[in-house]
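Everything on this sheet refers to the single structure shown next.
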Amino acid sequence: MHSVSRQGAPFIVFEGGDGSGKTTQARLLFRRLQRTGIPSIFTRDPGGTDLGRQIERWLKRSNDVMPRNELLLFAASRSLLTDRVIRPALYSGKVVVCDRYAPSSTAYQGYGRTIDLELVETINQSATGGLRPDLVLLFDIQPEEGLARKGSGVADRFQEEGIAFHNRVRVGYLRMAAAAPERWTVLDATLPRSTLSASVWDRVSGMLESLKATETTGAAIR
Ligand code: TYD
């Protein structure tokens, strides 16, 4: 239906710091796509496969993990998620809505843990096989506010990091967005939920429309 020649249907990724509300918004978008009759799936990186969920649980709780271990384990999980879940869905014409993807490794392991950004990029390339989101929606929020929103539950190893870590993550995200404005949209995550979901829908429906127009033009030229 909404096929683009390179990788199939559109691939939409939600990114942002802890407590930015991106998961809620990703789910809202998925429901709206479904209601509109657009074939789609919702998945999570790393939680979209059984192994990914185990890796996520371990990485969140273990107190014996080095930054490089983190990078490679997220990458292993992403490689499986890409090949088993994301690519098959895109090839079968389904829009993929994914909560986090490779930019999370650049933000958290690259900027946050200060692993060399070129190394992170190389590992990301390998894990994704070069698959890139058509659209990244970044939910930007001050770390203090995001973490406060997470509430009083048990904090995981990432949430327990200091504000300096979370500020580096935020800067990393904003740099990626500034470097590729055609693929990234930055949203102010402090806006009301309904305002945000309307902005997300504007952006996504606009993209789907323009893809449809390209396909029609392409077909007419052929
Ligand atoms: P998750 O429960 O998905 O957090 P959130 O609801 O904030 O998305 O936990 C994922 C945690 O793992 C989150 O703190 C970010 C971190 N993470 C990385 O450090 N690198 C990565 O590549 C990914 C995908 C997540």
Please verify whether the stretch 174-189 includes one or more residues that are farther than 26 Å from residue 8 by Cα, outside any helix (DSSP H, G or I) and either without any contact (Cβ under 8 Å) to a residue 40 or more places away in the chain or within 14 Å of the ligand (Cβ to nearest atom) (or both). yes
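Here is a yes/no grid of residues against (1) surrounded by 16 or more Cβ atoms within 10 Å (Cβ to Cβ); (2) closer than 13 Å to residue 18 by Cβ:
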position: 124; (1), (2): yes, no
position: 130; (1), (2): no, no
position: 140; (1), (2): yes, yes
position: 148; (1), (2): no, yes
position: 152; (1), (2): no, no
position: 163; (1), (2): no, yes
position: 169; (1), (2): yes, yes
position: 179; (1), (2): no, no
position: 182; (1), (2): no, no
So residue 73, is it aliphatic (A, V, I, L, M) and under 19 Å from residue 129 (Cα atoms): yes
If the Cβ limit is 8 Å and pairs must be 6+ apart or interchain, which residue in the stretch 149-164 that is more than 17 Å from residue 112 (Cα to Cα) pairs with which residue that is among the small types (Gly, Ala, Ser) and open to solvent by less than 60 Å² (accessible area, probe 1.4 Å)? 149/19; 149/21; 150/19
Hey, can you tell me all the residues within the stretch 184-215 that are touching a helix residue (DSSP H, G or I) at 6+ places or on another chain (Cβ under 9 Å), open to solvent by 60 Å² or more (accessible area, probe 1.4 Å) and polar (S, T, N, Q)? 190
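The values are calculated or read from the model by the stated rules, or taken from the named source; none is laboratory data. Quick caveat, the model's predicted, so the values are computed rather than measured. As a convention, Cβ positions derive from the backbone with ideal geometry for all residues, glycine included, and neighbour counts pool all protein chains shown. For the accessible areas, the whole protein counts, side chains as well, though only heavy atoms, and no ligand, DNA or RNA atoms are used. Shrake-Rupley method; radii C 1.70, N 1.55, O 1.52, S 1.80 Å.
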